[in-house]
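Peer 1: I'd like to ask some things about the structure below.
The values are calculated or read from the model by the stated rules, or taken from the named source; none is laboratory data. Because the structure is predicted, anything quoted here is derived from the model rather than measured. So basically every Cβ, Gly included, is an ideal-geometry build from the backbone, and we count neighbours across all protein chains shown. With ligands, DNA and RNA removed, areas are computed over all heavy atoms of the protein, side chains included. Shrake-Rupley method; radii C 1.70, N 1.55, O 1.52, S 1.80 Å.
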Amino acid sequence: MSSNTLEFAKVLDQQDSFAPYREEFYLPLEKIYMDGNSLGLLSKRAETKLFELVDTWKTLAIDGWTEGMHPWYYMAEQIGDRMAPLVGGKKSEVIATGSTTTNLHQMVSTFYRPLGKRTKLLADELNFPSDIYALQSQIRVQGLDPEEHLIRVKSEDGLTLDEKRIIEAMTEDVALIVLPSVLYRSGQVLDMKTLTQAAKERDIIIGFDLSHSVGSVPHALHEWDVDFAFWCTYKHLNGGPGSVGGLFVNERHFGKKAGLAGWFGSDKTKQFDMNHTMTAATDAGAYQIGTPHILSLAPLLGSLEMFEELGMERIREKSLKLTSFMLSCIDNELGEYSFGIGNPLDDSRGGHLLLQHKEAARICQALKAQGVVPDFRAPDGIRLAPVALYNSFEDVWQTVQILKKIMQEDVYKQFSNERGVVA
Ligand SMILES: *Cc1c(COP(=O)(O)O)cnc(C)c1O
């Protein structure tokens with residue numbers, strides 16, 4: 001049987017041990033969702049937990065902090081423990097708190113100490129804008145000039161980064177390094193182990209933004225000796241819009257004072273002593289700031305169960321199978337329509353693919369009109385994320401067929417080549 005047919009996709013789906021999980025999600029009606037790397041879908045388990053937590057507020061009021069099935073006071077720690085296997089950290093090293101950007105601010109304000117010759121922050125020119133804004137502002141807080149003190153490693157092709165060039169940029173004037181695990185446009189997975197080792201050899205603190213890898217790619221942060229990492233939970237972890245982020249701090253740093261302190265960073269037995277001298281938690285919990293967003297943590301209680309049941313190795317395996325099948329369908333069907341492939345073709349690709357086309361904005365609009373939900377990234381990128389937990393091989397096959405029809409029949413020309421407000 002040819003490997004790019006609907007028949008073959010159906011066989012792959014029949015053999016897929018993840019198939020029952022698709023039923024656990026609310027798939028948008030009559031749509032093929034390919035945007036789980038921007039906003040993951042709602043699962044029934046996440047919904048149930050959210051309603052349970054709303055109910056604790058209804059029935060317990062203030063006592064919800066310490067009573068009920070999920071006492072609110074301990075939820076950030078408990079969810080942190082449960083996210084630890086996803087990033088390869090010890091339970092004590094992971095906490096659910098803040099957002100990607102606020103956790104980055106917390107880490108930089110804790111670890112960035114420009115001293116003597118070591119004054120620079122090292123990032124890359126393909127980094128996510130919010131991360132760059134945070135780094136620039138942290139440099140300004142130190143009274144320094146971001147133009148001079150933020151180094152952005154160049155990309156040769158505008159899509160990927162070369163680890164060798166990043167390591168060359170780890171010079172004696174660098175105080176701190178912040179890099180993505182998976183690049184948000186091209187989906188390249190950086191070699192975090194090698195980069196961390198190089199940073200350690202040069203005595204530089206290194207942290208990673210795991211927003212695009214957590215829940216999609218396995219990590220071994222503790223084993224690699226990464227100093228810190230942070231991530232959001234509304235992409236591959238399906239925690240819902242604005243769900244609470246995650247933070248990893250290597251246990252080597254426990255006891256280091258948080259740059260941005262607040263009472264929820266306290267030792268939990270001391271917090272309500274209400275002293276003006278803070279007794280900080282002795283683990284990653286010390287880097288929390290204020291009251292946890294309980295209703296935005298709740299969906300994770302349900303969503304994480306599925307990651308626990310399946311394990312990251314199997315999730316990664318299915319994800320690679322899906323993207324590999326998609327690449328082979330693209331290769332087979334779209335050859336004549338001048339698409340470029342922006343993601344790495346080997347296993348250094350993450351959970352999504354990047355198709356490039358000069359008409360990308362209106363091709364995305366045409367896809368949406370035909371029931372496929374992609375995500376446009378200016379100027380010319382169409383991101384497609386077939387997600388292990390809820391996308392099927394048939395979804396992948398259909399997506400490429402619809403795309404082919406849009407190109408064959410010039411359907412995209414009915415739309416203007418502009419982006420929408422969000423994607
Ligand atoms: C999604 C994402 C963010 C978003 O940050 P928020 O604080 O959650 O808004 C930041 N950085 C990267 C790399 C992302 O992928």
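Peer 1: Where does region 255-330 land on Rg(C-alpha)/(2.2 N^0.38 Å)?
Peer 2: 1.76
Peer 1: Which percent of Cα pairs goes in each bin when the distances of region 83-225 are cut into 5 angstrom slices starting at zero?
Peer 2: 2, 9, 20, 23, 23, 15, 6, 1
Peer 1: In the chain, carbon and sulfur make up what percent of the accessible area (probe 1.4 Å)?
Peer 2: Exposed carbon and sulfur together represent 52 percent of the surface.
Peer 1: Right, another one. Excluding ligands, DNA and RNA, what is the solvent-accessible area per residue of the chain at a probe of 1.4 Å, expressed in Å²?
Peer 2: That works out to 43 Å² per residue.
Peer 1: With no solvent and one point on each alpha carbon, what is the Debye value of log10 I(q)/I(0) for region 169-309 at q = 0.16, 0.18, 0.22 Å⁻¹?
Peer 2: Reported log10 I(q)/I(0), two decimals: -0.98, -1.15, -1.35.
Peer 1: Starting from the residue with the highest accessible area, list TYR133, TYR112, TYR33 in decreasing order, probe 1.4 Å.
Peer 2: The most accessible residue leads, giving TYR133, TYR33, TYR112.
Peer 1: With a 1.4 Å probe and all protein chains in place, put VAL141, VAL87 in order of accessible area, largest first.
Peer 2: Result of the area sort, largest leading: VAL141, VAL87.
Peer 1: Can you give me the long-range amide H partners of ILE32? Hydrogens built in the peptide plane at 1.01 Å from N, cutoff under 5 Å, separation of 5 or more residues or another chain.
Peer 2: HN-HN under 5 Å from ILE32: VAL372, VAL373.
Peer 1: If you average the C-alpha positions of region 146-186 and of region 15-72 separately, how far apart do those two centres end up, in angstrom?
Peer 2: 37
Peer 1: So if I take the centroid of the Cα atoms in region 291-342 and the same for region 195-244, what is the distance between those two points in Å?
Peer 2: Rounded to whole Å, the Cα centres lie 17 Å apart.
Peer 1: Now, a different point. On alpha carbon coordinates alone, what is the Rg over Rh value for the chain, Rh being the Kirkwood radius?
Peer 2: 0.99
Peer 1: Still on this structure, please answer the following. Lys and Arg at +1, Asp and Glu at -1: add these up for the other residues within a Cβ distance under 12 Å of MET83 and post the number.
Peer 2: -1
Peer 1: Under a Cβ-only charge scheme (Lys and Arg +1, Asp and Glu -1), can you give me the dipole magnitude of the chain about the Cα centre, in debye to the nearest 20?
Peer 2: 640
Peer 1: In the structure displayed, which of LYS49/LYS270; LYS49/LYS257; LYS318/LYS368; LYS91/LYS257; LYS164/LYS200; LYS154/LYS318 lie more than 22 Å apart, Cα to Cα?
Peer 2: Pairs exceeding 22 Å: LYS49/LYS270; LYS49/LYS257; LYS318/LYS368; LYS154/LYS318.
Peer 1: Just to confirm a number: summing +1 for Lys and Arg and -1 for Asp and Glu over residues other than VAL396 whose beta-carbon lies under 15 angstrom from that of VAL396, what do you get?
Peer 2: Value of the local net charge: 0.
Peer 1: Let me ask you something else. Taking the DSSP beta bridges in region 48-309 as the whole, what percent of them are antiparallel, to the nearest 5?
Peer 2: Roughly 40 percent of the beta bridges in region 48-309 run antiparallel, per DSSP.
Peer 1: What ranking, highest mean first, results for peptides 160-169, 386-395 when packing means the other Cβ atoms within 10 Å averaged over each residue?
Peer 2: 386-395, 160-169
Peer 1: Could you work out the equivalent-ellipsoid semi-axes for region 17-88, taking the square root of 5 times each eigenvalue of the Cα gyration tensor, largest first, in whole Å?
Peer 2: 29, 17, 10
Peer 1: How are the alpha carbon pair distances in region 160-244 distributed across 10 Å bins from zero to the largest one, expressed in percent?
Peer 2: 17, 48, 27, 7, 0
Peer 1: Which residue, TYR33, ALA369, HIS149, has the largest displacement toward the positive end of the dipole of the chain when charges sit on each Cβ (Lys, Arg +1; Asp, Glu -1)?
Peer 2: It is HIS149.
Peer 1: Once you list every other residue whose beta carbon is under 11 Å from the beta carbon of ASN103, what net charge do they have if Lys and Arg are +1 and Asp and Glu are -1?
Peer 2: -2
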